[in-house]
Amino acid sequence: MMVLGIDPGASGGWALLDRGKLYKWGRMPTVKLRSKTIVDGAALFGAIPCELDQAVVELVGAMPNQGSSSGFSFGHNTGTATAVAMIRCRETEWVTPQVWKKYWGLGRDKRDSLDLARTKFGAGPDWGVLANDGIAEAALMASWYLDVKHKIV
C-alpha cells in the first residue's frame, strides 16, 4: 500500500511510503505571489505519482496571534496541498498534529521529528537539516496511518 503524507504549510513537506518504507519525498514546492510565498500546486501535482491508495494530510488551523493575512495564506496553502492529495489519491484522511504526535511521543520541537524519522526510515533526505522537518513530519503521519489504521508498519 502506498500512502502519501502531507505537512501542508509553505515550509512543510510531503513523503510517500510504499509498504512502510520511505519511497519518495520533497519539501513543499513554493512560488512567490506578490510578497507572499505560496504552495505551487502544479509542481506538487507533478512530483507526486498518480493513482495512489491513500493520503494523510495534517489537519491544521490558524495559530494564536497569527494575523489575518498570514492566516489566509496558510489556509490557501493547506487547501492547495489538500486538493492535490485528493486528486492523486483514492482516499484522503486528515489527522491533527495532536493525534499523530501523541502516538509517536513527540512535542513541538521539530528536531525530535527529524530524529525519529532518521531512526525509523534511515536513508532519505538529510535528517540533520532543520528545514527538512516537514518531510519528516509527513513521513511520520503516513507511518502513523499505516500503523494505526492498517496495522502494517
With the structure loaded, tell me whether T96 is at pLDDT 90 or above, closer than 22 Å to K149 by Cα and over 16 Å from the mean Cα position of the chain (by Cα) or whether it fails that test.
no
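With L140, L146, L114 as the choices, which residue is within 15 Å of the chain's Cα centre (by Cα), over 19 Å from R27 (Cα atoms), assigned to a helix (DSSP H, G or I) and at pLDDT 90 or above?
Unique residue meeting the criteria: L146.
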Got a sec? Which of A123, A131, A42 is modelled with pLDDT of 85 or more, of a type outside the set (D, E) and closer than 22 Å to V3 by Cβ?
A123
Answer yes or no as to whether A123 is assigned to a helix (DSSP H, G or I) and either under 21 Å from S11 (Cβ atoms) or not basic (K, R) (or both).
no
Of the residues S73, S11, only one is modelled with pLDDT under 90 and under 12 Å from the mean Cα position of the chain (by Cα); which?
S11
Residue count, region 101-111, condition out of contact with any Ser or Thr (no Cβ under 9 Å at 6 or more places or on another chain) and either surrounded by 15 or more Cβ atoms within 10 Å (Cβ to Cβ) or part of a helix (DSSP H, G or I) (or both), comes to 4
Filter region 1-49 down to the residues that are free of Cβ contacts under 8 Å to residues at least 24 places away in the same chain and closer than 21 Å to R118 by Cβ, then identify the one that is surrounded by the fewest Cβ atoms within 10 Å (Cβ to Cβ).
D18
Within region 1-30, can you find the residues that are in a strand (DSSP E or B), of a type in the set (A, V, I, L, M, F, W, C) and in contact with a strand residue (DSSP E or B) (Cβ under 6 Å, 6 or more places away or on another chain)?
M2, V3, L4, I6, W14, A15, L16, L17, W25
Answer yes if at least one residue in region 54-68 is of a type in the set (D, E, K, R) and either modelled with pLDDT under 90 or more than 21 Å from A117 (Cα to Cα) (or both), and no otherwise.
no
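The values are calculated or read from the model by the stated rules, or taken from the named source; none is laboratory data. Values in this document were obtained by computation on a predicted structure and should not be read as measured data. Glycine gets a Cβ as well: all are built from the backbone with ideal geometry, and neighbour counts include every protein chain shown.
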